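To start, the structure itself, in structure tokens.
Laboratory data are not the source of any read-out in this text; all were calculated from the coordinates shown. Everything numeric in this text was worked out from a predicted model, so none of it was measured. Note that we place each Cβ from the backbone using ideal geometry, even for glycine, and neighbour counts take in every protein chain shown.
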Amino acid sequence: MSDVVEKTLTALPSLLSLDSQPGSAKLSSTSKLGNLVRGITELTSKHEEEKLIQRELASIKEQVSSPNTSMRQMKELMVRAIYCEMLGYEASFSYIHAIKLAQQGTALEKRVGYLAVSLFLNESHELLLLLVNTVLKDLQSTNLIEVCMALTVVSQMFPKDMIPAILPLVEEKLNHQKEIIRRKAVLALYKFYLIAPNQVQHIHNKFRKALCDKDPGVMTASLHIYLQMIQENPEGYKDLTASFVTILKQVVGGKLPMDFNYHSVPAPWLQIQLLRILSALGKNDQSTSEIMYDVLDESLRRAEMNHNITYAILYECVKCIYTIHPKSDLLEKAAKCIGNFVLSPKINLKYLGLKALTYVVQQDPKLALQHQMTIIECLDHPDLIIKRETLELLFRITNAQNVTVIVEKMLDFLRVSTDDYTTIDLVGKVAELAEKYAPDNEWFIETMNTVFSVGGDMMQPDIPNSFLKLLSEGFDSVEEDRKLRLFAVDSYVSLLQGEPGKLPQRFLQVISWVLGEYSHLRAELQPSTVMRLLSKLLDTKNTSSETKTWVLMTMTKLCEGAAGVSVAQEVSEAYSSSLDTVLRQRAQELQHLSQDSELRARVVPRDAGLEPLEVDSSLSFLDGFVSEALAAGAAPYKPPHQRQEELAQAKALSLEPYGLSLPISISSCSIADRQSPTLLSMSSGLSGDSTDLSHKGGSTTLKLDGVKRVWGKEGYLAQREPVEETAQVEVPSPFRSPSQQAEADSSHSQTPTPVPTPEPTQERQQLASSLFVGLSSQSSVCLMGKSESAPQRFKRKAKSPSSSSGASEQISNSLVSAPSTVDNLLCDNLLDANISSELAVSSPTQTSRLSQSLTTANGTCDVELTNTKGSNPSLIRDISVAVAADSTPHEDPDKPKDLCLSSHLPAELSGFSHSEITPLCSNQSLDLSACHVQQKDSLVLVVFIYNSSYSDIQQILLELDSDDLEVSGVCGSPVQEVGSQSVAVCQYSLSVKRPSVHVEVGGMVSYQLPVGTPQSAQFSYRLPLTSFIRPLTLSTEEYGTMWLAFSHDTKQNLTLINAGHESLAATLNVLKKKLQLHIVEIIGLEGIVACRLLQDQPCLMHCRVHAGTLAVWLRSPVPDLPDCLMYYCQRALQEH
Amino acid sequence: MMRFLLLFSRQGKLRLQKWFTPMAEREKKKIIRDMTTMVLARQPRSCNFLHWKDLKVIYKRYASLYFCLAVDNQENELLALEVIHRYVELLDKYFGNVCELDIIFNFEKAYFILDEFLMGGEIQETSKQMVNRSIEASDMLQETMEEYMSKPAF
């Protein structure tokens, strides 16, 4: 420390000497900071430091609040306050002064003010609102530096709902003559795009202008926005590919000014940004990819210098080459490049090499084989980070043969890892591998035991869930099931006999469930023995009450025979007076059921857990009880958030504009209706302590949001819950069979060909052969066409195919040759290099998606689902090609078809207005079109299936799916067949799950022609949220109470339609007409409007004319709904 | 996208902090603590990368000062390393052979340089001249203002 002080003294001669000069405020102030810093470095203890800082803060506080302090002194004080905060001491008194400094100071003072604000305040800090005005002023300043500062602070932190206030000014700056301003404006807009994409939707074409800017800096800045947008929607920007390629060509060719060079590499940041954009554009798109091959080749060639930055470019190049449509000589070069990384002695490069290998290994497993010795070295590397990355790579190449070795390595790592996040991640991966590739029961159970004990209580809850599911559902062979369960029981009993106190709670819960369900399989094991073991757990101090609940439930299942009953009695007595109500209830249950064995047999029947239970989610069986209670004067139920809000309202002052409008509306009400009894309830509602809400909504049913379902028709459900969940999650998996086959092949084609390396130790060689077994490319020879299947362990039992499985089966059939490869990729089975590289045409999405879903450690079901989706694009491509070739004869005018289609509209819908009929997709034989019909309380999507061929089409299956919408079929039986040249109609009722500006339904139709293979096609249908909006008729009083109950809101100023003093009414009428809103009342300058999203999701709007604009405030119980509606209001008024 | 940049000394003393995404005060404190302990505990000859939650942390030591930059998971680590290096170069150019003390005593300047270099978690300007030009421009303005202000008013 002393040398630091010395340096300080020597480094600051100028400061010290200048300090002695009187009258120079700047320098003496700097030395005040200098004094402080020096003072701190001289201290020896933390305690002294604290005292010093507190003294310092006190003096700062005194000075900032003194009226005589000049802005310049204030600047210096702020610098010191920032320093104190950096040391971890709070200086919140100075926040307001920081804002003042930013407001009032001259250029540099302002700058320090802004800096202090950005360091002190957080995006949600209330003081930030005070900054908005300052920023506005500075954005309009003629001083460039002030404009720069304002733009910088805007991109650093700005309250989201204040963006509209400054947006026009920032937009204007895109045309500024100075490039630095343009550049900062682009970046500020990028930031806005990230935090509130809806707000900047309208300026997309301005981004194009920024992209074409003559200044390379501005162009570079615009690429950030483009990368973001292209990743979200690559289709929309394909036309720009050639421009990006040209830019990259120029950059690589050194056409930029010299000062963009970094270590004589031309603009590396720009290059990498472009490479990322290109890979997003070229993914799954051959024609786009072809445009970029040349420039990628050149980038690879030019980046040859031995410097970090060229490696960074190379890495990005390699990633791009493996992401886009493959080209063999590029792939070859990229592979060589990866080799350079992996073999480099520099550890950072080695790390990146491993990362690159992990990325490409699914497409090219041979690469992993080439570098197996390096991989093994890295596995033993002292640096845990390298080790971790190697495991990630191994995880990707795991198959049925190397699983034991790889899992062993992973578990070794887990035992030494101390980082929770890594543990959670790895544990999930191990569980996944174990489930997928377990060679035998013993190994599986033991591995899972380690997973549970190492993963502890941090691991993802779906790991124990899916494990229990696996045990309870079983596999195809009953005998195997029995053996597995038996082994689990044995292993758990021996664990309990050891030191169960050390096991994590989750594991104990798993153990107790398994013992409860399956301990009867072990005939010589007495239930009472198990119960005694379990009761030991109850006595352990560390056991959580949740675990105790599980144990008590298990005991309920087990209490047989005199010995069992006596243990049960003992336990239930101990816990029947527990303070924990759940525990107490379980104890009571145990007590009663243990005495009544007949009842117990009915409540917890052995081996009967697999049928899904029907749950009466509306709790209708309680209706009688509720209405009785209501009649007897009980208060109606209110959901917790509402209670809380009311409580908060009652306590806090209401600062909302409603407080202002209250007297007006009350007086107007009382004039209109003096006796109105609701008036009272309204005013009490507004003051915030109303208790009568639920009956205002017009329904007497209970609100169930967030209420856990515990009771069903047959009584208490909790014990069965896991089972019920299982039934829901279960996805039939017809996809498994080919993979099973592939694995079977791999198991008998053992041709490990370890590449000879100079002098590897024997041990390593062995490890290598056990790690990389099954990866060799020769095994691919026997992949196709083989049909013997060795049993794959833990293959989920195929359930009777439901409609969806039928469809996916058809897809897999129609893919003729692809399914085996798809599965191959899917199961991480890297047997066949040839095929997988062929398939790479369409597979990058699959692989990357797959890798994501794998890392999230979900169960197999998930992976299969991804597969179903992932395999579609290639299908579509086939079909669309066919359409392109065939489109001419089909070009008959759309209009007549439309007319004739609308005549097919079902009679019951013809009375309602329907949207334009839009074509969804078409090919040689089928034309799909759709429209939506707005009914009073619902929205019906009508899909027309027109068979344009001359033969009947059979087995038509139409499936719709949407993230935002709830889709349910309307007709009784779905369409199966369509005769030649005729039309079939399907109806679906739609309701909104999650509001967004546009909602989309995706779908797939699959069908069979009399001759030929099954076909399918994909389509999507987009409709505006407005089609779901209906007027909501309310009285002003009801409006008042509802307004307070809603938690999601948004505010914005909209343009007012100018019509003299009737302008409010005119504006609201436009909205009413265009958006189907209901105007509740207009009082003077304020208006209240209500609407709902189909049946039950209201949205309320409060408008006020203020300074020539319409201040609109929307509130709803549904998140995002106010934002979307605001968007439509804005549009409606702009269009007007 | 970059998430935060921390500068701290070998003793774990924070010298500069920049947060590109909003973060609660407590979270910041925890991150600073985690970063200093993690980075300072690294053995020599290990790689310059770390995992922290779902972020990548890239750190590098320059003399007595550690630069520690956290980026999104899919970012390029080597590039992040060069971001740090470029920042050091910029500091060096501005201060002239920069040392830790320059950053301690003029930390606001270090912040200003950073603001010209990175903005909203992305590289703003890769040209070295440009960054320095804009810093110097504002410095000059400040100096002329100050000269003007400190002249005795006759």
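Each Cα pair of segment B:68-129 feeds into the Kirkwood radius, which the Stokes-Einstein equation turns, at 4 °C and 1.567 mPa s, into a diffusion coefficient of 105 µm²/s. Per-residue mean of foreign Cβ neighbours for A:310-318 is 3 (Cβ atoms of other chains, 10 Å radius).
Taking the charge dipole of segment A:419-519 about its Cα centre, with +1 at Lys and Arg Cβ atoms and -1 at Asp and Glu Cβ atoms, the residue from A:V510, A:G455, A:G428 reaching farthest to the positive side is A:V510.
Within the shell of other residues whose beta carbon sits under 12 angstrom from the beta carbon of A:I1088, the net charge comes to -2, with Lys and Arg scored +1 and Asp and Glu -1.
For the segment B:98-105, counting C-beta atoms of other chains within 10 Å of every residue's C-beta and taking the mean gives 5.
What the Cα atoms of segment A:419-519 give is an Rg and a Dmax of 12.9, 41 Å. Each of A:L270, A:N306, A:L352 was scored by the projection of its Cα onto the charge dipole of segment A:251-362, and the greatest displacement toward the positive side belongs to A:L352; charges sit on the C-beta of Lys, Arg, Asp and Glu. Sorted into 10 angstrom bins from 0, the C-alpha pair distances of segment A:395-444 split as 26, 56, 18, 0 percent.
Near A:T1050, once Lys and Arg are set to +1 and Asp and Glu to -1 for all other residues with Cβ below 11 Å from its Cβ, the sum equals -1.
Students often check this: by mean Cβ neighbours within 10 Å, which of A:598-605, A:428-435 ranks highest, and how do the rest follow?
Averaged packing, sorted descending, gives the order A:428-435, A:598-605.
Three principal axis extents of segment A:1032-1135 based on alpha-carbon atoms, in descending order, are 36, 26, 23 Å. Each stretch of four or more DSSP H residues adds -39500 (n - 2.57); spread over every residue of chain B, this sum gives -16000 deg cm²/dmol at 222 nm. Magnitude of the Cβ-charge dipole of segment A:233-371, K/R +1 and D/E -1, about the Cα centre, nearest 20 debye? Once rounded to the nearest 20, the dipole reads 420 debye.
Once the Kirkwood radius over Cα pairs is known for segment A:441-594, the Stokes-Einstein relation at 10 °C and 1.306 mPa s delivers a diffusion coefficient of 101 µm²/s. Per residue, the convex hull spanned by the Cα atoms of segment B:2-150 measures out at 128 cubic angstrom. Full extension of the chain between A:E442 and A:S477 gives 10.9 nm of extra length, using 0.36 nm per residue less the Cα-Cα distance. Let me know the shape class of segment A:932-1060, please: from the alpha-carbon gyration tensor, a ≥ b ≥ c as square roots of the eigenvalues, rounded when a/c is under 1.5, otherwise prolate if a/b is greater than b/c, or oblate. Cα axes put segment A:932-1060 in the prolate bin. All other residues whose Cβ lies under 11 angstrom from that of A:A196 are scored, Lys and Arg at +1 and Asp and Glu at -1, for a net of 0. For segment A:99-187, relative contact order (Cα pairs under 8 Å, six or more residues apart, normalised by length) works out to 23 percent. Computed over chain B with a Gaussian network model linking Cα atoms closer than 10 Å, the most mobile of B:M130, B:M35, B:M23 is B:M23.
Binning the C-alpha pair distances of segment A:233-371 at 10 Å intervals from 0 yields a P(r) profile of 12, 43, 34, 10, 0 %, listed from the shortest bin outward. Judged by the mean number of other Cβ atoms found within 10 Å, the most tightly packed of the peptides A:454-464, A:73-83 leads the ranking A:73-83, A:454-464. Amide H contacts of A:R1092: A:R1030, A:L1032, A:C1099, each under 5 Å away and 5 or more positions distant or on a separate chain (H built 1.01 Å from N in the peptide plane; Pro and chain starts excluded).
About its Cα centre, the dipole of segment A:526-600 is roughly 240 debye, where the only charges are +1 on Lys and Arg Cβ and -1 on Asp and Glu Cβ.
The calculated pair-distance distribution of segment A:526-600 uses every alpha carbon pair, bins of 10 angstrom beginning at 0, and gives 23, 59, 18, 1 percent. With a 10 Å cut-off around each Cβ of B:47-53, the average count of Cβ atoms from other chains is 6.
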